[in-house]
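Comments concern the structure below.
The values are calculated or read from the model by the stated rules, or taken from the named source; none is laboratory data. All figures in this text were calculated on a predicted structure; none of them were measured in a lab. Neighbour counts are summed over all protein chains in view; Cβ atoms, including those assigned to glycine, are modelled from backbone coordinates with ideal geometry.
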């Protein structure tokens, strides 16, 4: 706030002074009015009207422009603080050899000063010209000299200042080329110099700088020569030079030098862009390895099955699917709610080992309050209660209904089960992701704590919020929230405090508005309290040569919504670091910021600007460290950049032949990108599982798997943040293809057909991809929703490895089947597809034969070189049509049989039954 006030005052005064002095000077230099022309006589009434108030007019004009300029300058507090506290990056740009800090911290401030100078000069020029005209120093229609010598000298100086500022602008534009954004057909969004910039625009800007400087001197010379001839000629030459040298010449260079051999000309600049982009986004140390993707070793099914047990902790509980299950089984009261997408964390199980755990906080839901009124909404129902947790890898084997999560923390109040838990903690949740209303607590009105065998009440004892004990505060908040009852309500008294800004994102933003907040705050029990953990980023768009990205676009996926999106959605950045880990106490709202990236120069700069705001990294407790993880939004930005910048050869980068894309989520129909998944797994170069964040890539415009990406997400790991990329070197099905094969499995068709009879729907969970013995193992939980339990319950597991795709009741059965270790496994046919179930219905037989043929056609299309994707799509449509025909035929036959049974005479049925019993 002090910085804003200082900038407002300083630049407001500067602007007002500049304009005021020039108005005063123009008035002082007015000519005598003894020989008035007709033009001046017509202006005389304006002069006479202004004369008694000219001091007040001067003050009003200068005050107005000062206020506008001050308000504009106050909004630039960030670039001022970055400039005055800037810390060197220790890296220099390859063109001008200046530290990156010059572009990130200094250049924006210089540009602001330049724009302020232009504004002050133009406003002064306009004001001075109007005063000179009003008092006869400038004439438009009168014969004779158009301007007095004094007016000529005054306006020439102002024009000279304007041209001198233009010279400075040309000089700064030279450096601006290193951070200039442009469209480049070979790479799309481009930042930095290209061939035409370095060889045409750069020398043009230098030449124009000298021309503008000479032109400014000519304008200043009119103080002695009292003629406009030379400065006008100079200004005309400057404009002509800007057109020819600054516009036409670069166009000629681009047309006749670059375009005929663009790849060779641009290669050195593409290389600079690649190196800078990889450094600025922290992807330059990625470990890249070729990976076949097809198991071609001699190891048998027994070894594969054994390796599958240790390859990953397969998370069957999808946090984006089972929130309604948490809601149904653990909501307890209608005025509680869970987030639509739960979170994945790690807690110790009964064996003392960490296990992936799905967690959700039971927050307040005002729409579920039995009786809505102002007292209930803001005084009685003020907080949520408890955190619920379930094992991520397995459902509850003893649950009814089957397929329910295996809760390790449940109930109201929540308690830990024998299978693990989060320990003892304060369960009231006054601050949370869904808590966006204000509450008044701590006063005479008691709050509902929770209901179990009667109502339990409480009174808030925390120190957060603002006291309402004095009438001034009450009046202020009555206006702020548009609620006059705050002024006179008897429910407010000694000790009453108002809580607002209650979401973790809001609170961190209020404490550190210079940070960009991750879209997903997640809860953890630390030190006997629920803490919201918030990842925060430092960013800049001034990293030379590094390509820019829009945060909102790069972080969007199929799970993005209003609650899980980056705050600064449309911010364009070309440098990002997860430099701060923040915590928000769910009870008292206390915000703590911890330094995470100790080498980040942007964070060091902000720490100089706001000393003491961020605590050192060594202040992070060991218990908190266990729950810190690699943030999703940074991972999504990095994977978006890696679709292009995994290529380091400029010629290959230019051709785009090895570009990737993030595939669409096959389990959603919205066409958005597949989200990254947290799970414990091990990569081929790792000996043990580690908590990781993973994603897949497909080649640009093709559905097969192009690469697999994993990053070590465990904050306690020595390899935390290490990016591992497996570049697939053979034709391996991608997520969409695996999902299509699973949909075409006859057992899936039978499962769907059976669900229809119970008014249930199928719901697919996260399609997990895990590297296994030079191949890829796909795991997908399948849920049923509807019928007697209208919430998702885990019913089946789909598994795919190589050419085998199976669909079984449990993960163990599916792994046994896919690796051929189960005696119940039916042998696959030549195409790797299980034989369709037998049927005596000729229509069903024909439909299943058509399904088998369609599947084979799809496989043949994939084997062609190049692959025939059009034929593959037609085959998939034929497959779906055939399976639908089979399902309808069997349903019709079953209905017909049921009808015949009901139409049989009762005596005949009884007689047949007796005969069968006697036989």
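Can you find even one residue in the stretch 328-346 that is touching a strand residue (DSSP E or B) at 6+ places or on another chain (Cβ under 7 Å), assigned to a helix (DSSP H, G or I), in contact (Cβ under 8 Å) with a residue 40 or more places away in the chain and surrounded by fewer than 19 Cβ atoms within 10 Å (Cβ to Cβ)? Yes - at least one qualifying residue is present in the stretch 328-346. Between 669, 651, 687, 636, the distinction of being buried (at least 22 other Cβ atoms within 10 Å of the Cβ), outside the structural domain of residue 521 (by TED's automatic domain parsing) and outside any strand (DSSP E or B) belongs to 636 only.
For the stretch 691-703, the set of residues classified as buried (at least 20 other Cβ atoms within 10 Å of the Cβ) and more than 23 Å from the chain's Cα centre (by Cα) consists of 703 only.
Among the residues making up the stretch 752-791, those that are buried (at least 17 other Cβ atoms within 10 Å of the Cβ) and at pLDDT below 85 are 752, 753, 755, 760, 786, 789. Do we find a residue being part of a loop (DSSP other than H, G, I, E, B) and touching a helix residue (DSSP H, G or I) at 6+ places or on another chain (Cβ under 6 Å) anywhere in the stretch 746-762? No, the stretch 746-762 has no match at all.
The criterion of being at pLDDT 90 or above, closer than 30 Å to residue 269 by Cα and surrounded by 18 or more Cβ atoms within 10 Å (Cβ to Cβ) does not hold for residue 91.
Identify the residue in the stretch 463-490 that is in a loop (DSSP other than H, G, I, E, B) and touching a strand residue (DSSP E or B) at 6+ places or on another chain (Cβ under 7 Å) and, among all such residues, is surrounded by the most Cβ atoms within 10 Å (Cβ to Cβ).
The qualifying residue surrounded by the most Cβ atoms within 10 Å (Cβ to Cβ) is 468.
Filter the stretch 161-183 down to the residues that are in a strand (DSSP E or B) and free of Cβ contacts under 8 Å to residues at least 40 places away in the same chain, then identify the one that is surrounded by the fewest Cβ atoms within 10 Å (Cβ to Cβ).
183
Residues that are within 38 Å of the chain's Cα centre (by Cα), outside any strand (DSSP E or B) and without any contact (Cβ under 8 Å) to a residue 24 or more places away in the chain are absent from the stretch 275-283. Considering 244, 223, the condition of being part of a helix (DSSP H, G or I), surrounded by fewer than 20 Cβ atoms within 10 Å (Cβ to Cβ) and touching a helix residue (DSSP H, G or I) at 6+ places or on another chain (Cβ under 7 Å) is satisfied by 223 alone. For residue 329, the conditions (1) in contact with a helix residue (DSSP H, G or I) (Cβ under 9 Å, 6 or more places away or on another chain); (2) over 26 Å from residue 625 (Cα atoms) all hold with the exception of (1). Among 692, 717, which is within 23 Å of residue 667 (Cα to Cα), outside the structural domain of residue 790 (by TED's automatic domain parsing), touching a strand residue (DSSP E or B) at 6+ places or on another chain (Cβ under 9 Å) and without any contact (Cβ under 8 Å) to a residue 40 or more places away in the chain? Within the list 692, 717, the selection yields 692. The number of residues in the stretch 76-110 being within 29 Å of the chain's Cα centre (by Cα) and touching a residue at least 40 places away in the same chain (Cβ under 8 Å) comes to 22. For the stretch 434-449, the criterion of being closer than 29 Å to residue 344 by Cα, part of a strand (DSSP E or B) and in the same structural domain as residue 321 (by TED's automatic domain parsing) is satisfied by at least one residue. Taken together, 193, 107, 134 contain a single residue that is at pLDDT below 95 and closer than 30 Å to residue 254 by Cα, which is 193. Given the criteria closer than 30 Å to residue 215 by Cα, in contact with a helix residue (DSSP H, G or I) (Cβ under 8 Å, 6 or more places away or on another chain), in a helix (DSSP H, G or I) and not assigned by TED's automatic domain parsing to the domain that holds residue 810, does residue 267 qualify? It is false that residue 267 is closer than 30 Å to residue 215 by Cα, in contact with a helix residue (DSSP H, G or I) (Cβ under 8 Å, 6 or more places away or on another chain), in a helix (DSSP H, G or I) and not assigned by TED's automatic domain parsing to the domain that holds residue 810. Checked against (1) at pLDDT below 95; (2) under 25 Å from residue 341 (Cα atoms), residue 700 meets all criteria but (2).
Taking the stretch 605-622 only, how many residues are part of a helix (DSSP H, G or I), more than 26 Å from the chain's Cα centre (by Cα) and within 14 Å of residue 594 (Cα to Cα)?
Number of matching residues: 3.
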